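Read the figures in this text as sums done on the coordinates, not as results from a lab. Note that the structure is a prediction, hence the values are computed from the model and not measured. Every residue, glycine as well, gets a Cβ built from its backbone with ideal geometry; the counts of neighbours run over all protein chains shown.
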Amino acid sequence: MSEIQEILTRFWDQLIAQPSGPLAFRFILQPLMATILAIRDGSKDARAGRPLYTWTILTDPAHRASYLREGLKRVTRVTIFALVMDAIYQFMVLRWFYLGEALVTAFVVAVLPYLVIRGPVARLARHWNRRGAAYNKAQ
């Protein structure tokens, strides 16, 4: 087996094993923290009338960098926490630290939920705000 195949196999095996291994609570805690941040930021986006976060990152090169910087600032603590927890897990189980595996795990449990949730929350908040405004006008 080539070295790359060995790395990918070990990485995949460990990623699948982690949710049931030591420190498994981080697979609940970190996405939950990212979700809370995304809900807060998506609500702020809706109130400010800003375009949808993830959609803007994907389709608007002029604003992509500033949106990515802002989102990175928001999830930095969660990402660092995810990296530290994965490092502890790796040292406990593998007796070694693999940076690439830790980065991918941190992205999956901290950054990805933020990216996926922030836009839909902003859309829902806009919908509720418009509906509330229409209700207030009817009174």
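The mean sequence separation of alpha-carbon pairs under 8 Å and at least six residues apart, normalised by the residue count of the range 49-139, gives a relative contact order of 33 percent. Net charge of the neighbourhood of ARG74, taken over other residues with C-beta under 11 Å away and scored Lys/Arg +1, Asp/Glu -1, is +4.
Shown here for the range 60-113: trypsin sites (Lys or Arg not before Pro) in loop regions (DSSP other than H, G, I, E, B) with at most 15 other Cβ atoms within 10 Å, namely ARG95. Distance between the 7 Å Cα→Cβ label points at ILE28 and ILE80: 2.6 nm. Computed log10 I(q)/I(0) for the range 1-128 at 0.17 Å⁻¹: -0.87, from the Debye equation with unit scatterers placed on every C-alpha and solvent omitted.
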